[in-house]
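Scroll down for the structure; my scribbles are underneath it.
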Amino acid sequence: MNLDILAASILIVDDQAANVQMWRLLLSEAGYTQVSATQDATQVCALHRQHAYDLILLDLEMPGLDGFGVMEGLRTSMLDSYLPVIVLTAQPGHRLRALEAGAKDFISKPFDLLEVKTRIHNMLEVRLVYRKLESHNKALELAVQERTAELRQSESRYRCLTELASDWCWEQDEH
């Protein structure tokens, strides 16, 4: 497995301590090294702003602020346009609603461990490609800005020379 993927930052959001422990164990056994967790859904947006997680595993059924509320908060306070969320749900009716709310994928309870590992891996592959593309776009934008500044400077020198040239008197002789 790609080392970049295994070093991706993952946040587990679930109000049940046993579920958090199960996810930590599953991810650790799969080789993931940067796993954090919270049982307090109200902390997710601040944590994501601070750490820019590559993936958030989000339980939908939580007291107080549920997973849908968390996704709404994430959408309004996002650092970039890609919301890296996989929702965890036992309710078949919540899957479409979660995707419409911005989740990129879902994992249905009860879990099939091979499917879970594959979905997480695939989501992280997409996320890391997206980050590389974003970085490449920023580098291209910077190169365009630098080149535009060079062209403006060159154009300014050219205008200055043409203005001076109109003051010059050219004479032509037979030599």
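Descriptive notes on the structure:
- The residue list A143, A103, A52 contains one member that is farther than 20 Å from D14 by Cα and of a type in the set (G, A, S), which is A143.
- Residue in segment 102-116 that is surrounded by 10 or more Cβ atoms within 10 Å (Cβ to Cβ), of a type in the set (K, R) and assigned to a loop (DSSP other than H, G, I, E, B) present: yes
- Pairing each residue of segment 123-138 that is modelled with pLDDT of 90 or more with any residue that is surrounded by 14 or more Cβ atoms within 10 Å (Cβ to Cβ) and part of a helix (DSSP H, G or I), provided the two are 6+ apart or on different chains, yields C-beta distances under 6 Å for L124/I5.
- D4 fulfils the conditions (1) under 24 Å from R131 (Cα atoms); (2) acidic (D, E); (3) buried (at least 21 other Cβ atoms within 10 Å of the Cβ) except for a single criterion, (3).
- Test: residue in segment 79-86 that is outside any strand (DSSP E or B), open to solvent by 60 Å² or more (accessible area, probe 1.4 Å) and of a type in the set (A, V, I, L, M): yes
- Looking only at segment 32-51, and only at residues there that are open to solvent by 30 Å² or more (accessible area, probe 1.4 Å) and assigned to a loop (DSSP other than H, G, I, E, B), the one that is nearest to L74 (Cα to Cα): D40
- Among the residues of this structure, D54 counts as one that is at pLDDT 90 or above and touching a strand residue (DSSP E or B) at 6+ places or on another chain (Cβ under 8 Å).
- Among the residues of segment 52-69, those that are farther than 19 Å from M123 by Cβ and assigned to a loop (DSSP other than H, G, I, E, B) comprise E61, M62, P63, G64, L65, D66.
- Failed criterion for S28 (all others in (1) polar (S, T, N, Q); (2) at pLDDT 90 or above; (3) part of a loop (DSSP other than H, G, I, E, B) hold): (3)
- Count of segment 7-31 residues which are within 18 Å of the chain's Cα centre (by Cα) and open to solvent by 30 Å² or more (accessible area, probe 1.4 Å): 1
- Residues of segment 146-166 that are surrounded by 10 or more Cβ atoms within 10 Å (Cβ to Cβ) and among the polar types (S, T, N, Q): T148, Q153, S154, S156.
- Any hit, segment 90-101, residues being in a helix (DSSP H, G or I), of a type in the set (G, A, S), surrounded by fewer than 16 Cβ atoms within 10 Å (Cβ to Cβ) and without any contact (Cβ under 8 Å) to a residue 60 or more places away in the chain: yes
- Enumeration of residues in segment 81-97 that are in contact with a helix residue (DSSP H, G or I) (Cβ under 7 Å, 6 or more places away or on another chain) and hydrophobic (A, V, I, L, M, F, W, C): L83, V85, I86, V87
- Condition check for E72: out of contact with any Leu (no Cβ under 7 Å at 6 or more places or on another chain), within 25 Å of H121 (Cβ to Cβ) and open to solvent by 80 Å² or more (accessible area, probe 1.4 Å): no
The values are calculated or read from the model by the stated rules, or taken from the named source; none is laboratory data. Note that the structure is predicted; figures quoted are calculated from it, not measured. Note: ideal-geometry Cβ built from the backbone for every residue, glycine included; neighbour counts use all protein chains shown. The accessibility values were calculated without ligands, DNA or RNA, using every heavy atom of the protein model including side chains. Shrake-Rupley method; radii C 1.70, N 1.55, O 1.52, S 1.80 Å.
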